[in-house]
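Asker: One structure, as structure tokens, below. Some questions next.
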Amino acid sequence: MTDKKNIFIIIGSASNNSANEKLVNNFATLTEDYFNLTIFKDLKTLPHFDPELSADNPPKEIVEFRKNIENSDGIVICTPEYVFSIPSGLKNAIEWCVSTTVFTDKPIGLITASASGQKGHEELQLIMKTVMTKFINETTLLIQGIKGKINEQGDFIDDRTKKEFTKFTIAFKNSINK
């Protein structure tokens, strides 16, 4: 058996026990034999982006965040959409990385799970192209109406969503093993 790959997962929701966190838990279960996961769900603890500090004197939390990205074999971002956009905490974290190359050529999986999510999902893909991550359509997943597709425990109650999520997971696993 091959060594497990290290995957850094960023949860874009600021809420505890969010639907996005439940999806990440499902991903963890499906991939436990293949990946070692580091799950980051504390975006609200990161300082506000400061371009004057970003390149030469980033705060220790940002140095650690960047190292998690740099040391990973791949990244997954699972996020809701807030007001037709990605959450400000997620945007803030990415902005701290723009002056670096930590995202460059990293395989990434992008999940947007929200009431609608379309605009946020498009924006997230554009941002991740800008920072030069590598993804394909099969490693992106938009789950609209998420609250009606998983239950309180995080189990899928919609068969189509469960199948799409499984396909996404397989595609991401394949992208990491290339």
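The values are calculated or read from the model by the stated rules, or taken from the named source; none is laboratory data. The structure presented is a predicted model; accordingly, all values stated were derived computationally and were not measured. No Cβ is skipped: glycine too gets one built from the backbone with ideal geometry, and neighbour counts run over all protein chains shown.
Asker: Given the criterion of a type in the set (V, I, T) and within 17 Å of I11 (Cβ to Cβ), identify the matching residue among I111, I136, I157. Write out each step before concluding.
Answerer: Details: I136 fails: within 17 Å of I11 (Cβ to Cβ); I157 fails: within 17 Å of I11 (Cβ to Cβ).
After applying the criteria, what remains is I111.
Asker: Kindly provide the set of residues from region 1-52 that are charged (D, E, K, R), out of contact with any helix residue (DSSP H, G or I) (no Cβ under 7 Å at 6 or more places or on another chain) and under 16 Å from I170 (Cα atoms), ordered by number. Talk me through it step by step, then tell me what you get.
Answerer: Pass one, region 1-52, residues charged (D, E, K, R): 3-5, 21-22, 32-33, 41-42, 44, 50, 52.
Subset that is out of contact with any helix residue (DSSP H, G or I) (no Cβ under 7 Å at 6 or more places or on another chain): 3-4, 21-22, 32-33, 42, 50, 52.
Within region 1-52, K4, E32, D33 meet the criteria.
Asker: Another question, if that's okay. Of these, D73, D105, D159, which one is within 23 Å of N26 (Cα to Cα), of a type in the set (D, E, K, R) and either in contact with a Leu (Cβ under 6 Å, 6 or more places away or on another chain) or surrounded by fewer than 16 Cβ atoms within 10 Å (Cβ to Cβ) (or both)? Don't jump to the end; show me each part of the working.
Answerer: Details: D73 fails: either in contact with a Leu (Cβ under 6 Å, 6 or more places away or on another chain) or surrounded by fewer than 16 Cβ atoms within 10 Å (Cβ to Cβ) (or both); D105 fails: within 23 Å of N26 (Cα to Cα).
The match here is D159.
Asker: Next question. For residues that are under 20 Å from A19 (Cα atoms) and hydroxyl-bearing (S, T, Y), scanning just region 108-146, find the one that is surrounded by the most Cβ atoms within 10 Å (Cβ to Cβ).
Answerer: Applying the filter and picking the extreme gives T112.
Asker: Taking region 3-31 as the region of interest, how many residues are within 26 Å of G148 (Cα to Cα) and among the acidic types (D, E)? Let's see the steps before the verdict.
Answerer: Restricting attention to region 3-31, the residues satisfying the condition of being within 26 Å of G148 (Cα to Cα) are 9-31.
Next, from what is left, pick out any that are among the acidic types (D, E): 21.
The total comes to 1.
Asker: While we're here: What pairs can you find where one residue is in region 91-109 and in contact (Cβ under 8 Å) with a residue 12 or more places away in the chain and farther than 23 Å from L142 by Cβ, the other is in a loop (DSSP other than H, G, I, E, B) and small (G, A, S), and their Cβ atoms are less than 7 Å apart, with a gap of 6+ or different chains?
Answerer: As it stands, the answer is S99/A55, since those pairs meet every condition given.
Asker: Next up: Within region 3-20, work out how many residues are touching a residue at least 60 places away in the same chain (Cβ under 8 Å) and not small (G, A, S).
Answerer: The first filter runs over region 3-20 and keeps only residues touching a residue at least 60 places away in the same chain (Cβ under 8 Å), leaving 5-14, 18-20.
If we keep only those that are not small (G, A, S) as well, we get 5-11, 20.
So the count comes out to 8.
Asker: Quick one: is L126 part of a helix (DSSP H, G or I), hydrophobic (A, V, I, L, M, F, W, C) and either under 17 Å from the mean Cα position of the chain (by Cα) or within 15 Å of F172 (Cβ to Cβ) (or both)? Please lay out each step first, then the result.
Answerer: On the way: part of a helix (DSSP H, G or I): yes; hydrophobic (A, V, I, L, M, F, W, C): yes; either under 17 Å from the mean Cα position of the chain (by Cα) or within 15 Å of F172 (Cβ to Cβ) (or both): yes.
In short, yes.
Asker: Could you go through region 125-134 and let me know if any residue there is of a type in the set (K, R), closer than 23 Å to R66 by Cα, at pLDDT 95 or above and in contact with a strand residue (DSSP E or B) (Cβ under 7 Å, 6 or more places away or on another chain).
Answerer: Filtering region 125-134 for residues of a type in the set (K, R) gives 129, 134.
After this cut, where a residue has to be closer than 23 Å to R66 by Cα as well, the list is 129, 134.
Those still in the list that are at pLDDT 95 or above too: 129, 134.
Add one more test, that the residue is in contact with a strand residue (DSSP E or B) (Cβ under 7 Å, 6 or more places away or on another chain), and what stays is 134.
Checked against the condition, which is being of a type in the set (K, R), closer than 23 Å to R66 by Cα, at pLDDT 95 or above and in contact with a strand residue (DSSP E or B) (Cβ under 7 Å, 6 or more places away or on another chain), region 125-134 yields at least one hit.
Asker: Can you confirm whether T38 is touching a residue at least 24 places away in the same chain (Cβ under 8 Å), β-branched (V, I, T) and under 16 Å from N6 (Cα atoms)?
Answerer: Details: touching a residue at least 24 places away in the same chain (Cβ under 8 Å): yes; β-branched (V, I, T): yes; under 16 Å from N6 (Cα atoms): yes.
Considered against the rule, which asks whether it is touching a residue at least 24 places away in the same chain (Cβ under 8 Å), β-branched (V, I, T) and under 16 Å from N6 (Cα atoms), T38 comes out as yes.
Asker: Among the residues in region 28-41, are any closer than 22 Å to F165 by Cβ, buried (at least 19 other Cβ atoms within 10 Å of the Cβ) and of a type in the set (G, A, S)?
Answerer: No, region 28-41 has no match at all.
Asker: Here's something else I'd like to know. When region 134-156 is examined, which residues are found to be under 19 Å from A28 (Cα atoms) and not in a strand (DSSP E or B)?
Answerer: At the first step, the residues of region 134-156 found to be under 19 Å from A28 (Cα atoms) are 138-143, 146, 149-156.
Correct list: E138, T139, I146, K149, N151, E152, Q153, G154, D155.
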